[in-house]
Amino acid sequence: MPSVSILKTVLRSVVTRAFTVKYPYETLTIPEGVRGPPEFDQEKCIGCNACTTSCPSDAISIFDEGDERRIELNYGKCQFCGRCEEVCPENAIQLTPRFEPATVDRTKLVTENLLPLVRCKVCNRPLTTVPMLENLRRRVEELDMPPDSTDALKDALLVCEKCSRRSYPARMSEILKMRIA
């Protein structure tokens, strides 16, 4: 014979309304602050690598292939923590309110952003992306420096770190001479 408490529970469940929604036939109301999969705004992304270095699950990878930088986001690895959104200096990554990223095809769990590369003018190694270089040049122009110094700094942006170390003393003396004059 069932106990009285079990009978009370059964009667209560018959009388009261269910707490669940008949999904997918009824629409769900998504609460504020739901962290769904991140998405790139390809117009804003400059390929700075901030999202890659801060991702705790290594869901974001960068590959330099030929004349393009490919930024790859793997939703299969992503924890939807939002760290990439926090560190992006251009607000190019936003978490979406989507909650159904499931699929049976793993290739659909990967999204990518392609950016044109700039190569070092000395050794021809991949240096940075075109949008990143434009961003840096704009910031150099905002500095309160003589035009010759600004031009020298803009040229310095086209040389990789390794090549820059070799010619650093000569370039710095040129920049300082221009600044003093």
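A few points about this structure:
- Failed item, numbered, when CYS123 is tested on (1) under 30 Å from THR27 (Cβ atoms); (2) assigned to a loop (DSSP other than H, G, I, E, B): (1)
- Any hit, segment 47-58, residues being among the acidic types (Asp, Glu), more than 21 Å from LYS108 (Cβ to Cβ) and under 28 Å from the mean Cα position of the chain (by Cα): no
- Complete set of residues in segment 97-120 that are basic (Lys, Arg) and assigned to a strand (DSSP E or B): ARG119
- Being part of a helix (DSSP H, G or I) and of a type outside the set (Lys, Arg) holds for only one residue in VAL10, VAL34, VAL21, and it is VAL10.
- Test: residue in segment 80-90 that is over 14 Å from the mean Cα position of the chain (by Cα) and in a loop (DSSP other than H, G, I, E, B): no
- The condition of being outside any loop (DSSP other than H, G, I, E, B) and closer than 30 Å to LEU115 by Cα holds for GLU39.
- Pairing residues of segment 150-166 that are farther than 13 Å from CYS120 by Cα with residues that are of a type outside the set (Phe, Trp, Tyr) and not in a helix (DSSP H, G or I), at Cβ distances under 9 Å and at least 6 apart in sequence or on separate chains, gives THR150/LEU143; LEU153/LEU143; LEU153/MET145; ARG166/VAL122.
- Comparison of ALA92, ALA102 shows that the only residue that is modelled with pLDDT under 85, hydrophobic (A, V, I, L, M, F, W, C) and under 29 Å from ARG35 (Cα atoms) is ALA102.
- Options ASP151, ASP144: the member that is part of a helix (DSSP H, G or I), modelled with pLDDT under 85 and either of a type in the set (Asp, Glu) or within 23 Å of the chain's Cα centre (by Cα) (or both): ASP151
- Residue match in segment 51-59 (condition: acidic (Asp, Glu), without any contact (Cβ under 8 Å) to a residue 40 or more places away in the chain and within 28 Å of MET132 (Cβ to Cβ)): yes
The values are calculated or read from the model by the stated rules, or taken from the named source; none is laboratory data. Please read these numbers as outputs of a predicted model, since none were measured by experiment. Positions of Cβ are generated from backbone atoms using ideal geometry, with glycine treated the same way; all protein chains shown enter the neighbour counts.
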